[in-house]
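Let me begin by presenting the structure, written as structure tokens, before commenting on it.
Since every read-out is calculated from the coordinates, none of them should be taken as a lab result. Quick caveat, the model's predicted, so the values are computed rather than measured. Neighbour counts are summed over all protein chains in view; Cβ atoms, including those assigned to glycine, are modelled from backbone coordinates with ideal geometry.
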Amino acid sequence: MATTLVNFRMDSDLKKRMEYICDKIGMNLSTAFNIFANKFVQENGMPFSVNIDPFYSEENMKFLDESIKELNSGKIVTKSMDELEKMADE
């Protein structure tokens, strides 16, 4: 099987983290990318779901912004776990 050189850029911290994991499972980056490429071809696309994290949805971000405004305005009372447990015992 003929091989070819593929060059691409990635975040250096991501590369270090990936190299660390590859090392722990006994492979190198080239092997990991070849596994991905083979699976990509077998699946005829991404071998995993690529979704938008629902946490960052427009609706949720609006809810979080409103919650922060209420907290900052004093409309929300905060209690520590110790305070809540003490209240439950009363």
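Helix by helix, which DSSP H runs in the chain go 20 Å or more along their axis at the Cα atoms and have an average Kyte-Doolittle hydropathy of -1.0 or more? Sorted by number, the helices that extend far enough and score high enough are 29-43. Other residues whose C-beta falls under 13 angstrom from the C-beta of Ile76 contribute a net charge of +1, scoring Lys and Arg +1 and Asp and Glu -1. One equal scatterer on each Cα of the chain, no solvent, Debye formula: the resulting log10 I(q)/I(0) at q = 0.13 Å⁻¹ is -0.76.
Of all lysines in the structure, those lying under 16 Å Cα to Cα from Lys15, and not within fewer than 8 positions of it along the same chain, are Lys24. Label zone (Asn7, point 7 Å along Cα-to-C-beta; backbone nitrogen cut-off 20 Å) within the range 34-56: 34.
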